[in-house]
Amino acid sequence: MATESLDQKRAEFLALAGMAFERMFGSDGQNGLVTFAQREERACEVSDELARWLMAEHVGEDPAGEAGVECRCPICAGPVRYPSAEQARQEVRELMTRRGKIEYRRAAARCPRCRRIFFPAG
Ligand SMILES: [Zn+2]
């Protein structure tokens, strides 16, 4: 991953973390949260959102999910390679994590022999 896009991702995360902080503390340091249960609920809610964002972004950077990577067809075990990103369909995948459901995009590959669409393991 290029340093430039890593810096951009860091900035995105810090902006989200800043919003999470605001939802917890607001402008008065309490943000209307009175009971411990309310504080716990809000803290878990905002940190779960950050955790889901981190997981989705991290798995989205998985090199095995990128176009141009050679992989093996799960049916015939033959090699499947996409020469360019345009030839690989990006598909949205869902994953249930301990912190809730995340969605991320990754390249789907089509085996030229079986004509089956699959996702490179990773
Ligand atoms: Zn195949």
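Readers should treat all values here as calculations from the given coordinates under stated rules, not as data from a laboratory. These figures come from a predicted structure and were not determined experimentally. As a convention, Cβ positions derive from the backbone with ideal geometry for all residues, glycine included, and neighbour counts pool all protein chains shown.
The label point for residue 30 and the one for residue 110, both projected 7 Å from the Cα toward the Cβ, are 6.1 nm apart.
Can you tally the net charge around residue 12? Count Lys and Arg as +1, Asp and Glu as -1, for every other residue whose Cβ sits under 14 Å from the Cβ of residue 12.
Values: positive: 9, 10, 52; negative: 4, 7, 49, 57, 61.
The answer is -2.
Note on residue 44 and residue 117: the extension gain reaches 22.5 nm, defined as 0.36 nm multiplied by sequence separation minus the Cα-Cα distance. Segment residue 22..residue 57, full-extension length gain: 10.4 nm, with 0.36 nm per residue of separation and the alpha-carbon distance subtracted.
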